[in-house]
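The values are calculated or read from the model by the stated rules, or taken from the named source; none is laboratory data. Just so it is clear, the model here is predicted, and its values are computed rather than measured. We work out accessible area using only protein heavy atoms, side chains counted, and drop any ligands, DNA or RNA first. Shrake-Rupley method; radii C 1.70, N 1.55, O 1.52, S 1.80 Å.
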Amino acid sequence: MRAQRVWNVNGAASIGQLQSRLDDLNKRLSQLENQHPASWKIEELKSGALSLSRDIDDIRCAEATAALGELLRK
């Protein structure tokens with residue numbers, strides 16, 4: 001069984017910080033692709049960007065699950 005992350009959701013601040021990091025990675029990736037299309041660094045940055053995207057999705061899902069749980073308790 002695959003381990004799952006448990007997030008302490010801190011609202012928009014966490015998502016905002018991760019989104020900012022993802023935006024920075026995407027800018028750097030675009031620059032590298034233009035300068036050095038065959039660079040190994042591109043694959044490393046793509047991997048990092050995908051990981052951040054998953055982290056953002058995990059937080060958003062955790063927030064939605066928590067909100068739905070609250071609605072169902074009422």
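Within region 9-74, what whole-number % of the accessible surface is contributed by carbon and sulfur, with the 1.4 Å probe and all protein chains included in the calculation?
Working: 2520 of 4730 Å².
Ligands and nucleic acids excluded, carbon and sulfur reach 53 percent.
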| Could you give the alpha-carbon Rg of region 13-70 over 2.2 N^0.38 Å, rounded to two decimals? | 1.42
| note | As straight-line cross-link partners of LYS27, the qualifying lysines (C-alpha separation under 17 Å, not fewer than 8 residues apart within one chain) are LYS41, LYS46
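Can you give the extra length, in nm with one decimal, that the chain gains between SER39 and SER51 once fully stretched, where that is 0.36 nm per residue apart less the Cα-Cα distance?
Working: separation 12, 0.36 × 12 = 4.32 nm, distance 1.95 nm.
Separation in residues times 0.36 nm, less the Cα-Cα distance, equals 2.4 nm.
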